[in-house]
Each structure stands twice: as C-alpha cells, then as structure tokens.
Number of protein chains: 2
Amino acid sequence: MGSLGGSLLSSLYAETQGFEKGSLGLGLLSRLYAETRDFLCKCIWNVVIFGPKPKHVAVIMDGNRRFARKHHLKEVDGHKIVLLSLMSTLTCCYEMGVKYVTICAFSIDNFKRRSDEVQFLMDLLYEKIENILKEESIVNRYGIRVTFLGNLEPNIREAAERAMNATAKNDNVVLSICVAYSSTNEITRAAQGACTERFKIRLGSNLTSGAIMENVHKRDGENNVIKVSDLERHMFTAGCPEPDLLIRTSGETRLSNYLLWQSSHCYLHISNALWPEFALRHMLWAVLKYQRVKPYLEKKNKKMV
Amino acid sequence: MGSLGGSLLSSLYAETQGFEKGSLGLGLLSRLYAETRDFLCKCIWNVVIFGPKPKHVAVIMDGNRRFARKHHLKEVDGHKIVLLSLMSTLTCCYEMGVKYVTICAFSIDNFKRRSDEVQFLMDLLYEKIENILKEESIVNRYGIRVTFLGNLEPNIREAAERAMNATAKNDNVVLSICVAYSSTNEITRAAQGACTERFKIRLGSNLTSGAIMENVHKRDGENNVIKVSDLERHMFTAGCPEPDLLIRTSGETRLSNYLLWQSSHCYLHISNALWPEFALRHMLWAVLKYQRVKPYLEKKNKKMV
C-alpha cells in the first residue's frame, strides 16, 4: 500500500481543497492557510504512519443536517455530501493498513424522521449501493469487502446482498455499513438467537417437559446458561474484532445506540467537525490521539485477560 | 432541600479546602486562588440551580491509583481517599434534587488485579457498607436508599443486603453502587433471565416437543420473541430510569464496560480530574454542560418516541 500512498493522498488533498474552496466559497486569500494546514497534515501523516495502527476503526457519522443548515442548503443536500468525508476516511484507513472500518450511517431511530427525508435517504443509499457494483468503483479499486449490519428493508436488502456478493472476494479492507441498526435491537436479536439455540439443544434431546423444566432451573448446567460468547456469535458484528478507535463527529458525546456492546474498551474520540467537514486532518488527529493512549489501553486489556 | 443548601455547601467547601490544603500541602499563599475559585463555584451553583436538573447521574470513578502515584502514596491509599469526592458528588446531587445517583466503583475486570489489592478493596467496601448502617451516617442524614448492582461475593452480598434493608425506607435519593459489575455480564444475565422466562411460558403450556419446536421457529409469535422490555426487566438497573448524565473522571474516553445498555442516549461528560480530585466545581461544570445540551437531547429523544 505504501507505493500508492503518495498519489492517493495527493488526489485526496486536491479533492478536499477543491470541495472546500469551490462548494463552500473559500477564496484565494485563504490559500496560504489551506497550504499551511495541508503541510501540517502531511507532517502528522509522517508521524502517524510509523506508530501503531488501529485494526478496526468505527465512525458515527453525525452532523449532516446541521452542516446543511449552517451552509443554507436543503437538509437532504447535507446527506448528499457525506461521500467526500467517507472517501477521505476510507483512503486514510486503506493507506494506514486498517483492516476493518465500520460506519454508522442510518440507525433504526432515524426512521422516525419525516417520511420524505427517510425516503430520500433510502433512495440515496440504494444509488450508492448500485455504485459499489460498478467495476471502477473505489470499493473495487481498493479491494474493499462490503458488509451491511442491521435490519434492512426488503428492497435495500436485495441490493445490499448483491453488493456483498460482488465484493466478497476483496480482502484489503472490510467496510461494514450500519443501516437500520441500533445496539439495543442487535443485542435483543442476539439474545433471541442464543435463546433459540438453547431451545433446540434442550428439545433436541427428546426429554420430557418435566425434565426440561428441571434443567432450566439448574442454571449452572453447561448447556443451559447463555454465555457472552453465545451472544457475540449472534451479533451483526460476529467474526469482526471490536473497534480499537470509535470516532463520533459533530462534538456529540453520546453513542446514540451505536456499537454499545462492541465499544466497552475502545478509545472514543469526539471530533467537533460535522461529518461533511470531517477531513483527512481530523482523521489523522484521531489516530494520533489513539496512538498516544494505546500503550495504556493495552496494559489495561492485558490485566483483564 | 433549599434551606439546607447553604450550610451543607459551606461545610463541603470547608471539607474540600481542608483536604486540599492539609493533605496535599497547599500553603497559605494559595488562599487567594482557592477563594476566587470557590467564589466562582458559588456563582456557577447559582446558575445551575435555576436550570433543568438531571434526574439520574452516573459516575465512573476512575483515577484512584493514578492519584496515589502522582502524590507518592501507596496505591491502596488512592482507594481510601475516594470518599471525599463521593461525599461532594452526593451532596451536590442531593442539593440539586437529583433522584438517582449510580456510582461505578469496582468492575468484574478489577478482580483481575493483584490479589492483595482486591482483598484490600473488598475489606474497604465491607467497612464502608458497615458505616452505612450507623444511625448518623450521611446515608441516613440525607435519606439515601442504597442498592448494589453486580454479582456480589457471598460475604459482601450479606453485608450489602443488610445495608439495602436498613435504607429501604429512605426516599430522597437512590444511590446504586456497581460492585463486581460489567455491562456484558449484566446483558448476558438479562438474556438468560428472559430466555428462562420464554422456556417457562412455552413449557407451561403442556405442548408436545414437536409443537414447541414449531413455535420456536415462528419468530413472529408474540410470546416467542425476546423484546427490549424483556431484557430491561432482567437488568440490574430494572425500575431505574436511564442516566441523563454520565460522568467519567481521569480524562478517559471509554465506558470500560459500565452501563453500556443504559447510556445509549445520555450525555457523556469526560472530566480530566482524577476521581480523588473530583470536587464540587467539577460536578457543577458537568451539570452546566448537561443543561446546555439538554434541549437538543430532548428534541432528539422526542423524535424517537
């Protein structure tokens, strides 16, 4: 990946600069500021690249509507411009060798928004999934395997499955997209899965109803008690390591029902940037801060094993 | 509670000042600084008291050992001096009319520390629980009902139950103390509880083994599916509202397996103070910041109902 680094990063700088200058109307006078910032950004990159990298980065993408209001755009336009930040984050992760990236895009709670906004978001998601399937998409260019986490609606599920199948052989980065997701829903679903498994073990043994009940009350029985690993096996994120770094944008210090089970020991980084403003420099800053606390986290985690 | 406010707060100022000047060796020269700080603290109190108050405040008490190292004390002494911060927090909550206070004192993971430290902590906890039972304790003075959350060891459980019974009639504040607690353990235990309940419903109906299995596969059946409310009923925190404000001390931005299920939408405040340094001013600052975001959080939560 190192050889690709320079060109990919340069194009990313160009993209973000073009976006910021063009779309948001920053003039030529701010060029000096932008160039200084990018120089610093490159310096941080050179520091970050030699430090320990997170294996799994999760991002709660928050602040699209606030960004739209701030720049007098329609709320739906706030959602449209999320892609540049996502590209920047994915590129950065790819360049650093991060293996898993999880993005929290659209929670179950978001479905309680206005129906036209929900419909717009679903259409946008459908369009983006279709883009993934194109040969020259960033997903295929970077060798990204795409998975979806959540209770997907039928039409989105069908498109999502096509995208998952089409990218199943990619193995550079695993990109998990949370759609119609909430942690309480995921945990409850996992409890249901583990419970059904218990039912099957119990009933498969052809015991009488009385004998089954007796076993139910013997909570110490190896086959009877639901264990942490049983729940983990039924989570949407089964098979994926826990995030090392969880980034939440727009300065909100809440997890908003995202990845609660998975983030008990990960480093939570709160970025004040709204998601569409979340650029490479914010990402690098988050990784730099993660690298600073990593030895301490590792020491803590070792004690727990 | 208002009438008590002045005297309690004054004694608390005196306590914290005495502690800081005496134990930590601050001299007379720092008096001006301390008095200015306390004056500002009183000003913030007068602002905070007129704003909306959180109903439930949870605190992850972190940094005792780091405090001990910082002040060249033995590690166990770091744990001994947690009480002053706890008193300050409890007094502040009591004065503000906060109904529920949850403190995360000792997680299951802490049991993996050195055995002498674990033994010391258990002895200290036992001693503190015994203190609760004394007539003139702060718990009885403020009318605090004490509950314990977690998988308590037999000797601690017996003492804890005595303390819970002795304070069962107090109704000003509910103080929940997490001991031998972890969220993954709580959730797994709740899944087990909900699953056993499903077993009982199914087997109580005297169905044949085949009919039971058929029902197990019909996941839509009303009695068959574990719901969020089923898990909630089996959590340690059942019956207690979710925290509005969760404070974590020592600048750590992790939940460390505490209250994951309960904190999906609450305001998370990270304080840089180590727990033994966490004074009234830190608590007031946290509440002030909560008050600032409360209207936004309420708007968000309304949309989710």
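Determine if the stretch B:148-167 includes at least one residue that is within 12 Å of chain A (Cβ to nearest Cβ), among the polar types (S, T, N, Q), out of contact with any Leu (no Cβ under 7 Å at 6 or more places or on another chain) and in a helix (DSSP H, G or I).
no
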**Q.** Flag for A:Ile226 being outside any helix (DSSP H, G or I) and at pLDDT 90 or above
**A.** yes
**Q.** Unique residue being out of contact with any Cys (no Cβ under 8 Å at 6 or more places or on another chain), over 21 Å from B:Ile44 (Cβ atoms) and among the hydroxyl-bearing types (Ser, Thr, Tyr) when the list is B:Ser271, B:Ser250
**A.** B:Ser250
Q: Could you list all residues from the stretch A:258-269 that are in a loop (DSSP other than H, G, I, E, B), among the aromatic types (Phe, Trp, Tyr) and either more than 7 Å from chain B (Cβ to nearest Cβ) or in contact with a strand residue (DSSP E or B) (Cβ under 6 Å, 6 or more places away or on another chain) (or both)?
A: A:Tyr258
Q: Residue by residue through the stretch B:118-152, note down the ones that are surrounded by 15 or more Cβ atoms within 10 Å (Cβ to Cβ) and of a type in the set (D, E, K, R).
A: B:Lys128, B:Arg145
Q | In the stretch B:238-257, the residues that are assigned to a strand (DSSP E or B) and either within 16 Å of B:Val82 (Cα to Cα) or in contact with a Gly (Cβ under 7 Å, 6 or more places away or on another chain) (or both) | A | B:Ile247, B:Arg248
Q | Search result, residues across the stretch A:235-251 that are within 10 Å of another protein chain (Cβ to nearest Cβ) and buried (at least 21 other Cβ atoms within 10 Å of the Cβ) | A | A:Leu246, A:Arg248
Q. Only one residue in B:Lys289, B:Lys302 is over 19 Å from B:Val59 (Cβ atoms), within 12 Å of chain A (Cβ to nearest Cβ) and at pLDDT below 95. Which one?
A. B:Lys302
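Per-residue answers, yes or no, for (1) within 14 Å of chain A (Cβ to nearest Cβ); (2) in contact (Cβ under 8 Å) with a residue 40 or more places away in the chain; (3) on the phi < 0 side of the Ramachandran plot:
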{"site": "B:Lys80", "(1), (2), (3)": "no, yes, yes"}
{"site": "B:Ser85", "(1), (2), (3)": "no, yes, yes"}
{"site": "B:Met96", "(1), (2), (3)": "no, yes, yes"}
{"site": "B:Ile108", "(1), (2), (3)": "yes, yes, yes"}
{"site": "B:Glu117", "(1), (2), (3)": "yes, yes, yes"}
{"site": "B:Phe120", "(1), (2), (3)": "no, yes, yes"}
{"site": "B:Asp123", "(1), (2), (3)": "no, no, yes"}
Q: State the number of residues belonging to the stretch B:181-202 that are assigned to a strand (DSSP E or B) and either facing chain A (nearest Cβ under 8 Å) or of a type in the set (Asp, Glu) (or both).
A: 0
Q | Check on B:Val101, modelled with pLDDT of 80 or more, touching a Cys at 6+ places or on another chain (Cβ under 8 Å) and surrounded by fewer than 21 Cβ atoms within 10 Å (Cβ to Cβ) | A | no
Q | Cβ-Cβ under 9 Å pairs, at least 6 apart or on other chains, the stretch A:151-172 side of a type in the set (Ser, Thr, Tyr), far side modelled with pLDDT of 90 or more | A | A:Thr167/A:Gly143; A:Thr167/A:Ile144; A:Thr167/A:Arg145; A:Thr167/A:Val146; A:Thr167/A:Thr147; A:Thr167/A:Leu175
Q: Please work out which residue is farthest from the other protein chains (Cβ to nearest Cβ), limiting yourself to the stretch B:270-286 and to residues that are under 10 Å from B:Thr89 (Cβ atoms) and part of a helix (DSSP H, G or I).
A: B:Leu280
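The values are calculated or read from the model by the stated rules, or taken from the named source; none is laboratory data. Here the structure is a predicted model, which is why all the values come from computation and not from measurement. A quick note on method: Cβ atoms are made from the backbone with ideal geometry, for glycine too, and the neighbour counts reach across all protein chains shown.
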